[in-house]
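Each reported figure results from applying straightforward, stated rules to the coordinates on display, with no laboratory input. Small disclaimer: the values here were computed from a predicted structure and weren't measured. Every residue, glycine as well, gets a Cβ built from its backbone with ideal geometry; the counts of neighbours run over all protein chains shown.
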Amino acid sequence: MKIDQHEKAFEEYRKNIMEIALTRGLLESQRTIGFSASRGIVELLSIYLHKINKLDIGAQLNHRWFKSEKISEQLPDFRGKAKILKDMILLENLSESLSYGSEKTLDDIKTVVELFNKLEKAIMELMR
């Protein structure tokens, strides 16, 4: 995918999280938030890796790869890699639990949103 397509996808996922949280509430939207958070952050990481020429334009990352630390072996080195991947693995596993598991607490859902925001900030800082 081209960078502009990743950017469009990221913004769509980001808006899903923010708009749904404001209009429907977190408890009523746990699956959408889980789905959007994990996929959105992978799109943002893809943008960064494309911009620093560490990921070919035709290459695409899959959110499922971020379930374990093995993803570190598959990705090229980049600034802050260890910390970002640690948080992305946590986000993916928590998001999967929201998306496919039983109803979670408000705190569980807030944790996913906060982790999404933390990762967004960290990756955006890398792109500056």
Hey, got the dipole for the chain? About the Cα centre, +1 on K and R Cβ, -1 on D and E Cβ, debye to the nearest 20?
260 debye
The chain, relative contact order in percent, only Cα pairs under 8 angstrom and at least six apart counted:
34 percent
Karplus-derived 3J(HN,Hα) from phi for the range 2-11 (6.51 cos²θ - 1.76 cosθ + 1.60, θ = phi - 60°), whole Hz, x at Gly and Pro, runs 7, 4, 5, 6, 5, 4, 5, 5, 4, 4
Listed residue pairs exceeding 19 Å between alpha carbons, taken from K86/K118; K86/K121; K2/K86; K51/K110
K2/K86; K51/K110
Per-residue HN-Hα couplings for the range 95-100, Karplus 6.51 cos²θ - 1.76 cosθ + 1.60 at θ = phi - 60°, whole Hz, x for Gly and Pro?
5, 4, 5, 5, 6, 10
Taking other Cβ within 10 Å of each residue's Cβ, how do I3, I17 sort, fewest first?
I3, I17
Stretch gain in nm, segment Q74-K2, where the contour uses 0.36 nm per residue and the Cα spacing is subtracted:
23.9 nm
Applying a 10 Å radius around every beta-carbon, put 53-63, 91-101 in order of their mean neighbour count, most first.
91-101, 53-63
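Going by a ≥ b ≥ c, the root eigenvalues of the Cα gyration tensor, does the range 43-91 fall in the rounded group (a/c under 1.5), the prolate group (a/b larger than b/c) or the oblate group?
Cα axes put the range 43-91 in the prolate bin.
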Between T105 and L22, what length comes free when the chain is fully extended (0.36 nm per residue of separation minus the Cα-Cα distance, one decimal in nm)?
28.2 nm
